[in-house]
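The values are calculated or read from the model by the stated rules, or taken from the named source; none is laboratory data. Source: prediction; values computed, not measured. Cβ sites come from the backbone with ideal geometry, for glycine too, and all protein chains shown count toward neighbours.
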Amino acid sequence: MELLTKRERLLRTFRGGEIDRIAVSPFIWTNFVNEFYGTEMLPADEKQDERLIDVYNYFDLDIMHRTCTIWDSFSNLYLDSKDWRVSVKEEITGDRQRRMTTTVRTPEAELTEVKEFRKATDFDEISAETEHFIKTPEDFRQFVKYQPPVPEFDCGRIGRAAEMLGEDGITAPWIPSVFNTISRHRKIDELIMDAYTDPEFYHEMMEYFTQRQIATCTQFTEAGADVLTFEGNIANGTMVGPAYFQANIMAYESRIIKAIQDGGSFVLYHNCGDTNTMFDVYNLLGIDALETLTEKPFGDADLDHAVTVLNRNITMIGNIDQIEFLKTASVGEIRERVRRLLEKVKNRRFILGTSDYIGEGTPRGNILAFRDAGREFGKL
């Protein structure tokens, strides 16, 4: 068949249409872009969007563009109002460490979140909440009573990224799952136990934040996002397991997924952790695609099992280990690894990618070898 544009190749894969070859789209993120250019831009910096496209085009890859996310939607900081007063304190706590303390004051209470940041590499910063806003059910009641409604976000960044992409790829901004969202507000072990010890409280939280996520993702779809990358890594096979997921999470996530699809965007479910026991569950979620199919030792995915169990309408994405293999393998080893992978997924909807974002120090020649093998063995 005729050679497709990169955009059409990716969209046809999500739709299950006829394609010329398997798309090759490793996950490239801000850390690699910063290393490439010697910069220190954060994902929220819109200048990152053009640079990301340039890096993908340098390697001549099919682009799934993820930095065009509306980052305000991940935070409470933009919600400052008369009854929801937000203040932030930032401090340097070490050579490569910093802390952000966010305080929300309502007419009745004071809620505090502490978030620690650490430079894992020169170009990659990781973060985690060490104190959470919702410590008690009464803290959650403050959200219900005083948190301002979801605002109208400026989603123009999605459209501007699409314009820059043209036919080179698709926009795929992030949206967190409702469980991921609450895990940022409440300590994860307490959140998991809430479903057993105080189910009314648990389901009130899930319902409240589900409604807010729908109000948010609807704006992304209206802005024309081709795909929403649905951040679902916390409720993985080890952390919660399939039975808990079906009983306590699925109904809420399914509503958000349907709202995204009703708005005209595809849903790419992102779980970069343990997935092997979750494939039957994902078949019931109604998702359009699943990544990252991470195999041992960094995940537990069994690709043979995934190919057998996953609904054939779900596009499979990822699988190549970028933490060690892509950094250290020879060109010949990469070629052979890709060949074996693409043989296994023959006649399935599949996008050749990595098990998460590519790390700094990955040889450019190895990325080119990954691309070339994908094109050679991905012809259909």
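Residues in the stretch 218-245 that are in a helix (DSSP H, G or I), in contact with a Ser or Thr (Cβ under 8 Å, 6 or more places away or on another chain) and surrounded by 22 or more Cβ atoms within 10 Å (Cβ to Cβ): 1 in all. When Arg335, Arg349, Arg375, Arg340 are checked against the criterion of being in contact with an Asp or Glu (Cβ under 8 Å, 6 or more places away or on another chain) and basic (Lys, Arg), a single residue qualifies: Arg335.
Selection of the stretch 266-278 for residues being in a loop (DSSP other than H, G, I, E, B) and either of a type outside the set (Asp, Glu) or within 17 Å of Thr171 (Cα to Cα) (or both) yields Asn271, Cys272, Gly273, Thr275, Asn276, Thr277, Met278. Here Lys346 passes the criteria (1) at pLDDT below 95; (2) buried (at least 22 other Cβ atoms within 10 Å of the Cβ) except the one numbered (2). Can you say whether Gly156 is surrounded by fewer than 18 Cβ atoms within 10 Å (Cβ to Cβ), in contact with a helix residue (DSSP H, G or I) (Cβ under 9 Å, 6 or more places away or on another chain) and among the small types (Gly, Ala, Ser), as far as the supplied structure shows? For Gly156, the condition - surrounded by fewer than 18 Cβ atoms within 10 Å (Cβ to Cβ), in contact with a helix residue (DSSP H, G or I) (Cβ under 9 Å, 6 or more places away or on another chain) and among the small types (Gly, Ala, Ser) - is not met. Scanning the stretch 286-325 for residues that are in a loop (DSSP other than H, G, I, E, B), buried (at least 22 other Cβ atoms within 10 Å of the Cβ) and in contact (Cβ under 8 Å) with a residue 60 or more places away in the chain yields a count of 4.
Taken over the stretch 25-46, the criterion of being part of a helix (DSSP H, G or I) and either modelled with pLDDT under 95 or surrounded by 17 or more Cβ atoms within 10 Å (Cβ to Cβ) (or both) is satisfied by Thr30, Asn31, Phe32, Val33, Asn34, Glu35, Phe36.
So is Gly264 in the same structural domain as Thr171 (by TED's automatic domain parsing) and either on the phi > 0 side of the Ramachandran plot or under 16 Å from the mean Cα position of the chain (by Cα) (or both) or not? It is true that Gly264 is in the same structural domain as Thr171 (by TED's automatic domain parsing) and either on the phi > 0 side of the Ramachandran plot or under 16 Å from the mean Cα position of the chain (by Cα) (or both).
Filtering the stretch 1-24 to residues that are in a strand (DSSP E or B) and under 22 Å from Ile358 (Cα atoms) leaves Ala23, Val24. Could you check the stretch 246-265 and list, in sequence order, the residues that are buried (at least 22 other Cβ atoms within 10 Å of the Cβ) and either outside any helix (DSSP H, G or I) or touching a Cys at 6+ places or on another chain (Cβ under 8 Å) (or both)? Correct list: Ile256, Ile260, Ser265. Among the residues of this structure, Asp154 does not count as one that is charged (D, E, K, R), assigned to a helix (DSSP H, G or I), assigned by TED's automatic domain parsing to the domain that holds Leu352 and out of contact with any strand residue (DSSP E or B) (no Cβ under 9 Å at 6 or more places or on another chain). If the condition is being assigned to a strand (DSSP E or B), surrounded by 13 or more Cβ atoms within 10 Å (Cβ to Cβ) and either of a type in the set (Val, Ile, Thr) or out of contact with any strand residue (DSSP E or B) (no Cβ under 8 Å at 6 or more places or on another chain) (or both), then the stretch 89-130 contributes Thr101, Thr102, Thr103, Val104, Thr112, Val114. Here is the figure for the stretch 334-373: residues that are assigned to a helix (DSSP H, G or I) and either out of contact with any Ser or Thr (no Cβ under 9 Å at 6 or more places or on another chain) or under 12 Å from Met316 (Cβ atoms) (or both) total 18. Look at (1) of a type in the set (A, V, I, L, M); (2) buried (at least 19 other Cβ atoms within 10 Å of the Cβ); (3) without any contact (Cβ under 8 Å) to a residue 60 or more places away in the chain and you find that Ile63 fails only one, number (3).
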